[in-house]
Every structure is written in C-alpha cells, then in structure tokens.
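Peer 1: So that we are looking at the same thing, I have put the structure below in structure tokens.
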Amino acid sequence: MKVLILGGDGYLGWPTAMYFSHRNDTVMVVDNFIKRKWESQTGVHPLVPIITLHQRIQLWRSITNKSIEIAIGDLLDHNFIYKVLEDFGPDTIVHYGEQPSAPYSMATRESAVFTQTNNVIGTLNLLFGIRKFCPDAHLVKLGTMGEYGTPNIDIEEGWLDIEHKGRTDRMLYPKKPGSFYHLSKVHDSNNIEFCCRSWGLRATDLNQGIVYGIDTAQTILHPELNTSFHYDSIFGTVLNRFLVQAAVGAPLTVYGNGEQIRSFLNLRDTLSCVALATDNPAKFGEFRVFNQFTQQFSIQELANLVVATAKRAGITVDIHKIDNPRVEQEKHYFNATQTQLLSLGLKPTILDNSILDNMFKTVYKFKCNVRQNLNKPNIKW
C-alpha cells in the first residue's frame, strides 16, 4: 500500500510513518515544519530534544534498511499538494497536517484566523487534489472528540438518527466545540462529508480523544527515533503536564473543579486505529466517523493517578485547583459511544500502573530539561 502522511514531523505523524514503513508499506511524509516555528515563537519545547525529520528518516533507514520518502511544502499551496498527489499516487492519505492546539487558537485574533485558515483551506486544497489526481484514495482524517463538546445526551459516532414532527432522517451529530481549533475540525468534517456525498470520495474521520504515551514499538529501536513530548500549557496535554509537575515536585494544577470528563487513548492505540481504518477503508461516497478513544477520565481522576504514581517513586506531590482559563462546563454529562474500531479488532491499551510508571520514569530522567513556567496557563478564553 502507498501511504501518504501529512504532518509527518509531528507527535503522531512520525510514529505513524515508522509504523507503516515497518510493515513494508511505501510511505511518504509531508511537512512544512511550522510546528517547530510555533515552538520557537512561543518559547516552548519538547521535554526530550528531537532531531530533524531528515535525520530521523536517515537513522530509520540505517537501522531498518527501510525508506521513507519526504516532501517539504505547505497544504495552503494547492499546487504543491496537487503535485505530491499526482506523483506519489497514494492509496491512503493520513491527514495530521493541521494546527493542533486549542490554546494557541484562542491566544489572539491572528492565531485564531491562522488556525481556521490553515486547517480549513489546507484540507479543502487536499480534497480538490484528491478529486483531480487520486479519486480512489481513502482519506483518513484526524478529527477530535472535542468537536462534540459536552452535550447532555449520549455522543454517537458521527451520525444521529432523529425524528422531528413525524419525520425521520440521519444527520451529522450536532457539534458544540470549545475553541477556534475545535471549530476548524468541525468545518473540516462538514467539508469532507460534502465531498464524499457530492463527488463520491471516501473518508474516515477519526474523532480522537486525548493521546498520551511516549514510545511505540518503533521509537524504542533507538533513542533518537523518539517523538515529541510536550508538557507546556499550549501544546502539552493534561497527563503530560501532571507527570512533569510530579517529577519536579511541583503541585499538579487542576483547572477549575476537576470534574471535566474527557476521553483518552494510548499513542500505540492511535497507530492501531489508523491502521484498522486504513486496512478496512470506507466505501466510495461514504463519510465514516470513528470515535477513537479507549477510556474516559475526569481531570481529578487523572491527577489522583499521577499522585499515586509519584508516591510509588518515593515523591510526594499535592494537587492545586486553579482558576480555569477556559470557558467550559466543569460539571457535565459525558457518555460517548465507541464501537466501530472495537468491531474491527482494536485491542485497547489500558492506562495502568505499569504504563504510568514507565512514563514517569522517562519524564524523571529528563526533568533537568523542564521549564516550570511553561506549566502555567497564560492564555485565557
């Protein structure tokens, strides 16, 4: 299979590239390295230094004798992505190539406009390119569970069967996103569904929960094949932040009352889900939605797990509740359906003590790299 991975330098993109290359698919990655520019502009950095994409590809080849092709360019340049699609002729396109941070999207007018322009127009350029050059290709698009928000009804997988005034229909599940970033993902979903319905394209929208994890079966082959681990308040995720705070003995900062419920999955499960979607593609004209997560936790529950993890390592940490910088419901109903990936064979990785202890061990090893001021939220909704 020929697999094109957009955003191949990122936290998810690089492990995905190695995963498909390892199983002998022909892989090309695309990136414009703008994430590294954002890191420089905002003064944040991964906990463990990351070598360049070119260096990682060379190292991967030297270790495995397997090649990963690379194309450097921007999805906002439609001619660039057109040429990539025409020349490479992918069977599957895995689309991670977007601005990924809700806080970044809420920082300023400029960052909000950039997020929506970059994500929505870039995906539109891709859709027109698929229609023109590789209409048989299957698009696997990274969405987010954050598109749904926290509705007071069960969250279905992308679609909702409704009855209204005696008539019934099947419609896209109503969305209630909580940031300009999440709004951009909603726009993407609507645009992709329209292109499937109107042009006969085929796509799987992966509404992904919050990903945690440091390593995969490929990253552990060499220390410099690692992927980025962000703990800051802009690009970091909550479990990462808690683990880093615990490693340096700082209080765990819980936003608000901590009763917010979110969905989570391990990095290795992300790769499994993408592979399952790729190996079992949508039909032509089908817009398919998978809710991609394995467990649900409240933020307070996660904090308690990390406190226990630190205690097993001989470190005592406290939990501090701080004013919530986000506009969100802190106490709410949350029950999301997740059946389709399980029916395809997903075997979930459960967040247990062994995984937490392993993550904490890695974080503690590199705690000298931690800049504690990066844990403080400096962007408010």
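Read the figures in this text as sums done on the coordinates, not as results from a lab. All values reported here derive from a predicted model rather than from experimental measurement. Glycine also receives a Cβ, built like all others from the backbone with ideal geometry; neighbour counts cover every protein chain displayed.
Peer 1: Among F114, G149, A17, whose Cα lies farthest out toward the positive end of the dipole of segment 2-375, if unit charges sit on the beta carbon of Lys, Arg (+1) and Asp, Glu (-1)?
Peer 2: So the residue we want is A17.
Peer 1: Given a cut-off of 18 Å, name the pairs among K141/K380; K2/K347; K176/K331 whose C-alpha atoms lie farther apart than that in the structure shown.
Peer 2: Those over the limit are K141/K380; K2/K347.
Peer 1: Follow-up. Take the alpha-carbon positions of segment 1-142, form their convex hull, and give its projected area averaged over all directions (one quarter of the hull surface) in nm².
Peer 2: Mean orientational projected area (segment 1-142, Cα hull): 8.5 nm².
Peer 1: Report the GluC sites (Glu not before Pro) located in segment 16-103 that are in a DSSP loop and have at most 15 other Cβ atoms inside 10 Å of their Cβ, or state none.
Peer 2: Hits after loop and neighbour filter: nothing returned.
Peer 1: Quick one: dipole size for the chain, taken about the Cα centre, charges +1 on Lys/Arg Cβ and -1 on Asp/Glu Cβ, in debye to the nearest 20.
Peer 2: For the chain, the charge dipole is close to 520 debye.
Peer 1: Please state the charge dipole magnitude for segment 13-171, taken about the Cα centre, from unit charges on C-beta atoms (+1 on K and R, -1 on D and E), reported in debye and rounded to the nearest 20.
Peer 2: Here segment 13-171 has a charge dipole of around 420 debye.
Peer 1: Arrange the peptides 162-174, 245-257 so that the one whose residues have, on average, the most other Cβ atoms within 10 Å appears first.
Peer 2: 245-257, 162-174
Peer 1: For segment 2-375, what percent of Cα pairs sit more than 30 Å apart?
Peer 2: The answer is 37 percent, as a whole percent.
Peer 1: Suppose a student asked you for the relative contact order of the chain, using Cα pairs under 8 Å spaced at least 6 residues apart; what percent would you report?
Peer 2: Answer for the chain is 19 percent.
Peer 1: As an exercise, find the ratio Rg/Rh for segment 208-247 from alpha-carbon atoms, using the Kirkwood inverse-distance average for Rh.
Peer 2: Radius of gyration over Kirkwood radius for segment 208-247 works out to 1.01.
Peer 1: Oh, and also: Projecting each Cα onto the charge dipole of segment 2-375 (Lys/Arg +1, Asp/Glu -1 at the beta carbon, about the Cα centre), which of Q58, T337, A71 comes out farthest on the positive side?
Peer 2: The one lying farthest along the dipole's positive direction is Q58.
Peer 1: With N denoting the number of residues in segment 93-237, provide Rg(C-alpha) divided by 2.2 N^0.38 Å, to two decimal places.
Peer 2: Relative to the rule-of-thumb radius for its length, segment 93-237 sits at 1.19.
Peer 1: Now, a different point. In debye, nearest 20: dipole of segment 240-381 around its Cα centre with unit charges on the Cβ of K, R (+) and D, E (-)?
Peer 2: 420
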